[in-house]
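The values are calculated or read from the model by the stated rules, or taken from the named source; none is laboratory data. Just so it is clear, the structure is predicted and the values come from calculations on it, not from any experiment. Note that we place each Cβ from the backbone using ideal geometry, even for glycine, and neighbour counts take in every protein chain shown. Ligands, DNA and RNA are stripped out before the accessible areas are found, and what is left, the full protein with its side chains, is counted by its heavy atoms. Shrake-Rupley method; radii C 1.70, N 1.55, O 1.52, S 1.80 Å.
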Amino acid sequence: MTSIRQIAELAGVSTATVSRVLNGDGAGVRQATRQKVLAAVARIQQNVQVKPRILATVLPDLANPYFVHVARGIEDEAHKHGYGIILGNMDRSLQKTERFLDFIREHNIKKVILAGGGVIDHAFRQFWAGFAAKAKTVLIGRHNVDLPTVRIDEVAGASEAVKYLIKLGHSRIAMVCGPSTSVAALDRLEGYMSALFTHNIPYSSELIFEGDFSAKSGYFAGKRLLSLANRPTGVYCSCDMMAMGLLRAAKEAGVS
C-alpha cells in the first residue's frame, strides 16, 4: 500500500502538503506544488500496476513426472499468497535457462525458484550467483551456489535404498546413475558406494551405468546389465524415469 510519506519523498514536499492535496483542501498549496504531488501519485500508481505478482519457476525437464509434482506444489502455495506462476522448461540447458531468465528480467519478475539438482559447471554457478543479486531466488536441490535452498540428503537417501537391497540378501547390486555433471547424481553415487563399503561388498565397474535421467537411458542400462554373464540380482536407479526404462528392458528379456 502506498503511504503519504512515499508520495512526499517522491514529490519533495512535506507529508502535510500531500495530505492537503489528497484531501481536496489545497488551500495554501501552490499550483506547481499540487501538480508535483499528483504526478508523484500517478507515478507510484503506475509502478504498482506494472509490478507483477508472479513467481517464475525454472524446471530442468517437464517430461519427468517428478518435476510436474514440484510445479503443482509451487503453484498451490503461490495461489494461497495471490501469486501466479510461469514455468520455464530448460531441458537441462544453460543457454535455454539464460534466455528464460532474460524474459523474467524484461517482465520485471523478482521472485524465482530453480528446481532440480545443479551441475558441476563454473559458468552455471557464476550465472546464478549473478542473477540472484537482481531477484529473490530460492533453489530446490543442491547447486553449489550460496543461496537459500530446500533440499534433502541425497547421499543418505541413496545409501538407505541400497542398504534395503542388501537387507533383502542382495550382494551383486548394480546402479543406474545420472550424468556425471549432475550434483544430485554424484551424491547418489556416493550413497551407493557408501552402502557397499559399510557392508564389505566389493565395487564392480561393470555394474555402474551412467544415464541421463531419462527412461531411454534406463532402458539401455537394463539391456546392458541383462547381457552380463553374471547378472546383478538388484539394481538401484537414481530416478524413477530410468527405473521405468530398466523395467521395460527386463520385461522384454522375460525377467520378472
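For the options N89, N230, N64, a Gaussian network treatment of the chain with springs between C-alpha atoms closer than 10 Å singles out N230 as fluctuating the most. Surface calculation, 1.4 Å probe, protein heavy atoms: I86 sits at approximately 40 Å² accessible. DSSP finds beta bridges in the chain, and of those with both partners inside it, around 5 percent are antiparallel.
Among residues other than G178 whose Cβ falls under 13 Å from its Cβ, what is the net charge (Lys/Arg +1, Asp/Glu -1)? Taking every Cβ under 13 Å from that of G178, the sum is -4.
Given charges of +1 on the Cβ of Lys and Arg and -1 on the Cβ of Asp and Glu, with all other atoms neutral, how large is the dipole of the chain about its Cα centre, in debye to the nearest 20?
Values: 31 positive and 22 negative charges, 178 e Å.
Roughly 860 debye, rounded to the nearest 20.
What is the sum of charges around V155, taking Lys and Arg as +1, Asp and Glu as -1, for the other residues whose C-beta is under 9 Å from the C-beta of V155?
Neighbour charge sum, excluding V155 itself: -3.
When only Cα pairs below 8 angstrom with a gap of at least 6 residues are kept, the stretch 85-193 shows a relative contact order of 24 percent.
Note the listed values [x] 1.16; [y] 1.51; [z] 0.96, then indicate which one is Cα Rg over 2.2 N^0.38 Å calculated from this particular structure. The calculated read-out lines up with [y]. P(r) for the stretch 109-232, from all Cα pairs and a bin width of 10 Å, is 12, 35, 29, 16, 7, 1 %, short bins first.
Once C-alpha pairs closer than 8 Å and six or more residues apart are averaged by separation and normalised to the residue number of the stretch 178-224, the relative contact order reads 38 percent.
Placing unit charges on each Cβ (+1 for Lys and Arg, -1 for Asp and Glu) gives the stretch 84-215 a dipole about its Cα centre, and among I109, G169, P179 the Cα reaching farthest toward its positive end belongs to I109.
With contacts defined as alpha carbon pairs under 8 Å and 6 or more residues apart, what's the relative contact order of the chain in percent? Let's see the in-between values first.
Numbers: 366 pairs, mean separation 32.6, N = 256.
Once normalised by length, the contact order is 13 percent.
Under a 5 Å amide H cut-off, with hydrogens placed 1.01 Å from N, Y236 pairs with A174, M175, V176 among residues at least 5 apart or on other chains. Could you tell me which of the pairs K167/K223; K96/K134; K163/K216 are separated by over 23 angstrom between their Cα atoms in the structure shown? The answer is K167/K223; K163/K216. Seen from V68, the other residues with C-beta closer than 14 Å to its C-beta sum to a net charge of -3, counting Lys and Arg as +1 and Asp and Glu as -1.
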